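The values are calculated or read from the model by the stated rules, or taken from the named source; none is laboratory data. Owing to the predicted nature of the structure, the values given are computational and were not obtained by experimental measurement. Glycine gets a Cβ as well: all are built from the backbone with ideal geometry, and neighbour counts include every protein chain shown. SASA here: full protein model, heavy atoms, side chains in, ligands and nucleic acids out. Shrake-Rupley method; radii C 1.70, N 1.55, O 1.52, S 1.80 Å.
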Amino acid sequence: FRQLVHHFPASYPGRFFLGKIHSRKGNFKDAEKQLKKAIALQPELVEPRFELLNIYHAQGKKQNHEKIYKIYKDILKKNPNNVRAAFELGYYYHENGKIRDAEKLFMDLGQRSKSNFAIILNILQLYIDKKKYNAAVTILEGMLKGAPESSDIHHVAGMAFYGKKDNDKAMVHFKKVKPGSRFYQDATVHISYLYQEKGDMINAINHLKE
């Protein structure tokens, strides 16, 4: 990629992948330089911005806070429907004590998820599938403030709490998944299994019968 960039300095792929390579090797200064050049070449693309965010998060420096906020906001300004950026910005707000800002974002995501199932799919792919249960719980509890009756969110919250080995809270959320919803059968199986784990075979069987 160095040769590609040398011969074609305006090559977006060259700048982007060279930046990623530097980042993986821990050469953050060089990575930042190449990724910023990639952004300048293709300002509409979000991938180099997320790579920059990975660098700033990995460095863990306080002076990077404003850079992180700015990049997330730039992504969302270009595309308000970028769910990954909204999740990550909200969680970053929460981690840094900006609870109201986090709640505002999460509540909005909860309300939007009623008509946009892709938001739910993104939580499953970005957090549940990757076993990032603590972050998932923070996001989902915030989303439920915007959509407290959402069977979709309650089901995913049940999965997150189950992943955290908090079976009691998992049960509470699975029981709020309404009959007729897309996750109702799955939630029913989870509830039965949780009763079985408690040694309560009667409720486990009865719940499946219902």
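Protection proxy ranking, highest mean first, for peptides 172-179, 201-208: 172-179, 201-208, where packing is the per-residue count of other beta-carbon atoms within 10 Å, averaged.
What accessible area per residue, rounded to a whole number of Å², is obtained for the chain using a probe radius of 1.4 Å?
Value for the chain: 57 Å² per residue.
Of all lysines in the structure, those lying under 23 Å Cα to Cα from Lys175, and not within fewer than 8 positions of it along the same chain, are Lys114, Lys131, Lys132, Lys145, Lys164, Lys165, Lys198, Lys209. Count Lys and Arg as plus one, Asp and Glu as minus one, and take only other residues whose Cβ is under 11 Å from that of Ile120; the net charge is then +2. Whole-Hz Karplus values for the range 71-88 come out as 5, 4, 5, 5, 4, 6, 5, 6, 8, x, 8, 6, 5, 4, 5, 5, 4, 5 Hz, taken residue by residue from phi with 6.51 cos²θ - 1.76 cosθ + 1.60 and θ = phi - 60°; glycine and proline positions read x.
Derived scalar couplings between HN and Hα for the range 18-24 equal 5, x, 5, 4, 4, 4, 5 Hz in order, rounded to whole Hz, by the Karplus curve 6.51 cos²θ - 1.76 cosθ + 1.60 (θ = phi - 60°), x for Gly and Pro. For the range 88-151 versus the range 29-70, the inter-centroid distance based on Cα atoms is 23 Å. Calculated [222 nm] ellipticity per residue, helices only, for the chain: -22500 deg cm²/dmol; basis is -39500 (n - 2.57) per DSSP H run with n ≥ 4, divided by all residues, nearest 500.
For a straight C-alpha distance cut-off of 18 angstrom, the aspartates and glutamates reachable from Lys73 (same-chain residues fewer than eight places away being disregarded) are Glu44, Glu47, Glu51, Glu88, Glu95, Asp101, Glu103, Asp108. Among the chymotrypsin sites (Phe, Trp or Tyr not before Pro) found in the range 46-85, not one is both in a DSSP coil and sparsely packed, with 10 or fewer other Cβ atoms within 10 Å of its Cβ. Heavy-atom surface analysis with a 1.4 Å probe gives the chain a carbon and sulfur content of 52 percent of its accessible area. Counting only heavy atoms of the protein chains and using a 1.4 Å probe, Glu44 has close to 110 Å² of accessible surface.
At 1.4 Å probe size, put Arg112, Arg24 in order of accessible surface, largest to smallest.
On the way: Arg112 60, Arg24 150 Å².
Descending accessible area places them as Arg24, Arg112.
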